[in-house]
Amino acid sequence: MVPEPLIQALQMLTVLCAAPGISGVIARVEARLQGRRGPRILQPYYDLRKLFAKETLVPHGTSWVFLAAPVGAMACYLTVPMLIPVLTSFDLPLGDMGDILGGGMILGLASFLVAVAATETGAPYAQLGASRVKTFGAITEPVMLFVFFTVALVTGTDKPYALAATVRASSEQIVRPAHLLAAAGLLLVILYETGRIPVETHSGTNEFGMLEEVRVFEHSGPFLALLRWGSTMKQLILYILFINVFVAPWGLAGDRSLLAVALAILALLGKSCVLGGVVAVIDNTFAKLRLFKITEFVAAAFLLAVLAVCTLYFGGG
Amino acid sequence: MAPTVTPPGTYAGVANVLAVLVLLSEFAMLRAALLRAQMRLYAAQSLLVSVLAAVVAWGRDVPELYVLAALSLALKVVVVPWVVMRQLRQTRTEIAGSGVLGVASEVLVAVVVAVLAFFATSRFHIASPALPTTALGLAVAVIAVSFVLMIVRRDVVSQAVGFFSLENGVSLASLVVAAGLPLILEVAFLFDLLVAVVVFGVLMRVHHRRARSLSTEHLTKLRG
């Protein structure tokens with residue numbers, strides 16, 4: 001029997017340790033799709049080690065906020081895995097700390113901290129990136145809200161654990177259109193939030209293809225490493241939300257035995273790699289859009305989420 | 001905690017998903033920039049309606065719907081797109097006329113219209129033995145969105161596609177409210193569609209010969 005606090009800690013540790021690896025897998029798949037050999041899967045870990053060994057440079061005139069932001073963002077990304085079903089299908093003691101809105105707010109707080117640090121530097125490029133991310137982030141909010149409404153209408157709560165349990169409960173739940181539409185809408189938001197489509201290029205340095213990346217241009221050394229690590233963790237957290245709550249909440253530990261928890265970790269890694277591969281395929285199949293076409297992309301996601309609520313509200317879809 | 005909205009069952013769920021896909025393909029037509037893409041989407045939508053008819057026939061044991069499904073498959077998935085595609089090949093126009101609004105605004109307007117359709121049909125309290133009520137709301141939403149498509153697009157082909165898909169919405173609605181509708185009436189509807197195809201074909205041809213384009217923007221005078 002593994003004590004519950006330990007499982008709770010394991011959830012955080014799994015996300016912390018696996019996140020760069022998932023990014024490595026995606027980069028590898030992407031390279032293969034483009035006919036390149038690609039970097040090692042462990043490359044993100046080597047990058048982080050390199051960055052941690054470097055010195056920290058701070059721009060003139062910045063206050064303590066500049067250095068506190070990466071640490072704060074990392075703390076946020078470590079908090080969210082406590083609130084969502086990462087390894088277990090039963091509620092863990094701290095899982096009641098916040099609902100799905102609370103998790104969203106903590107993710108938003110992390111992004112806000114990074115944006116504040118970027119504006120703190122006074123560098124025009126970083127500021128531009130921060131303001132773009134915040135502007136376009138605001139237009140995905142309504143989509144997320146409608147997805148949350150769907151969850152609330154389906155389960156009667158806004159707990160991620162409750163939706164996962166409902167999906168596991170019956171096959172009727174899986175084929176109902178509201179569930180499928182909400183999952184599709186969420187997938188579009190995740191593609192957007194992790195910088196896959198519609199505009200961002202993941203590996204290039206083309207300035208129009210960078211929204212998230214330019215915000216951290218003034219950071220260096222261990223703090224840059226924390227920010228990079230944080231963004232891979234955000235990606236994995238969103239993947240887990242999609243997999244373990246909406247699409248495939250199977251393979252989670254049903255009890256506290258060591259074997260079940262170990263299997264759950266392996267299942268999580270496998271499912272995340274599969275989703276990462278799918279995302280890489282989607283990313284490489286569609287052309288990037290111009291910056292101001294983002295609204296078209298988000299309008300599609302919004303349509304899916306609104307239809308999900310409509311089918312539920314007018315007729316029990 | 002008990003779910004607030006109980007799941008409708010597997011049959012109703014599958015039927016609803018098909019109906020939702022019909023509505024989504026209508027929205028995709030609204031976004032599509034290429035005429036060919038619009039036509040393909042229309043064929044896909046018709047296919048979905050036929051599959052839904054077959055599902056109802058199987059699930060609710062209405063054998064004459066199989067005939068309807070086969071007829072609409074032959075006519076709307078094969079014949080109509082083929083005829084229109086041939087016309088398009090002759091006119092050598094590929095890009096649909098731009099809409100009056102941007103794509104994002106078009107979609108938002110259509111979402112509002114679709115939600116209105118949902119509100120309107122939810123007042124009727126129609127319980128159908130064949131399909132869940134959601135499908136009726138979706139059917140009316142398809143009809144409403146196809147009106148938006150005809151209004152905001154400024155080329156003949158988009159307007160024709162809008163009209164044809166309107167008919168898809170109507171057949172979806174008829175599956176809900178009158179699945180056992182006499183077959184002869186349904187067939188009459190389908191031949192109505194054929195007449196529309198002929199009329200729109202002539203319109204496309206004449207308009208293209210006069211204006212050298214398929215855009216309706218040139219139609220500013222009452223007499224040519």
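The values are calculated or read from the model by the stated rules, or taken from the named source; none is laboratory data. Model, not experiment: these values are computed from the prediction. Cβ placement follows ideal geometry from the backbone for every residue including glycine, while neighbour counts extend to all protein chains displayed.
Of all residues in region A:132-182, those satisfying the criterion of being acidic (Asp, Glu) and either away from chain B (no Cβ under 13 Å) or without any contact (Cβ under 8 Å) to a residue 24 or more places away in the chain (or both) are A:Glu141, A:Glu172. In summary, A:Ala115 fulfils each of the numbered conditions (1) at pLDDT 85 or above; (2) within 21 Å of the chain's Cα centre (by Cα); (3) within 13 Å of chain B (Cβ to nearest Cβ) with the single exception of condition (3).
Would it be correct to say that B:Leu73 is in a helix (DSSP H, G or I), surrounded by fewer than 20 Cβ atoms within 10 Å (Cβ to Cβ) and at pLDDT 85 or above? Spelling it out, B:Leu73 is indeed in a helix (DSSP H, G or I), surrounded by fewer than 20 Cβ atoms within 10 Å (Cβ to Cβ) and at pLDDT 85 or above. Given the criteria touching a strand residue (DSSP E or B) at 6+ places or on another chain (Cβ under 9 Å), more than 22 Å from A:Thr232 (Cα to Cα) and of a type in the set (A, V, I, L, M, F, W, C), does A:Phe148 qualify? Taking the combined requirement at face value, the residue does not satisfy it. Which of the residues that make up region A:1-45 are assigned to a helix (DSSP H, G or I) and polar (S, T, N, Q)? Those that are assigned to a helix (DSSP H, G or I) and polar (S, T, N, Q): A:Gln8, A:Gln11, A:Thr14, A:Ser23, A:Gln43. Every condition in (1) touching a Lys or Arg at 6+ places or on another chain (Cβ under 6 Å); (2) closer than 23 Å to A:Val309 by Cα; (3) at pLDDT 90 or above holds for B:Ala19 except the one numbered (1).
Within region B:83-126, the set of residues being more than 13 Å from every other protein chain (Cβ to nearest Cβ) and at positive phi comprises B:Arg92 only. Is it true that A:Cys76 is closer than 16 Å to A:Ile237 by Cα and exposed (fewer than 15 other Cβ atoms within 10 Å of the Cβ)? Judged against the criteria, A:Cys76 is not a match.
Can you tell me which residues in region B:130-139 are surrounded by 23 or more Cβ atoms within 10 Å (Cβ to Cβ) and more than 10 Å from chain A (Cβ to nearest Cβ)? Within region B:130-139, B:Leu131, B:Ala139 qualify. Taking the criterion of being hydroxyl-bearing (Ser, Thr, Tyr) and more than 17 Å from A:Val25 (Cα to Cα), the only residue of region A:234-281 that qualifies is A:Ser257. In this structure, does B:Val187 turn out to be out of contact with any Ser or Thr (no Cβ under 7 Å at 6 or more places or on another chain) and over 30 Å from B:Val62 (Cα atoms)? Here the answer is no, as B:Val187 does not meet what is asked.
With respect to B:Val170, determine if the residue is within 30 Å of B:His218 (Cβ to Cβ) and either assigned to a helix (DSSP H, G or I) or among the acidic types (Asp, Glu) (or both). So B:Val170 fails the test. Take B:Ser25 and tell me if it is among the hydroxyl-bearing types (Ser, Thr, Tyr), part of a helix (DSSP H, G or I), out of contact with any Asp or Glu (no Cβ under 8 Å at 6 or more places or on another chain) and away from every other protein chain (no Cβ under 14 Å). No; evaluated as a whole, the condition is false for this residue. The selection criterion, being closer than 19 Å to A:Ala165 by Cα and of a type in the set (A, V, I, L, M), does not hold for A:Ile282. The number of residues in region B:76-97 being among the charged types (D, E, K, R) and part of a loop (DSSP other than H, G, I, E, B) comes to 2.
When A:Leu187 is tested against the conditions (1) without any contact (Cβ under 8 Å) to a residue 40 or more places away in the chain; (2) under 29 Å from A:Arg215 (Cβ atoms), the lone failure is (1).
Out of A:Thr311, A:Thr295, one residue alone is surrounded by fewer than 21 Cβ atoms within 10 Å (Cβ to Cβ), polar (S, T, N, Q) and assigned to a helix (DSSP H, G or I). It is A:Thr295. Inside region A:272-292, residues that are over 25 Å from A:Ile237 (Cβ atoms), without any contact (Cβ under 8 Å) to a residue 12 or more places away in the chain and assigned to a helix (DSSP H, G or I) make up a count of 1. Summed over region B:113-129, the residues that are under 12 Å from B:Val177 (Cβ atoms) and loosely packed, with under 13 Cβ neighbours inside 10 Å give a count of 4. Take region A:223-282 and flag every residue that is of a type in the set (D, E, K, R) and within 22 Å of A:Ser89 (Cα to Cα). Residues satisfying the conditions are A:Lys234, A:Asp255, A:Arg256, A:Lys271.
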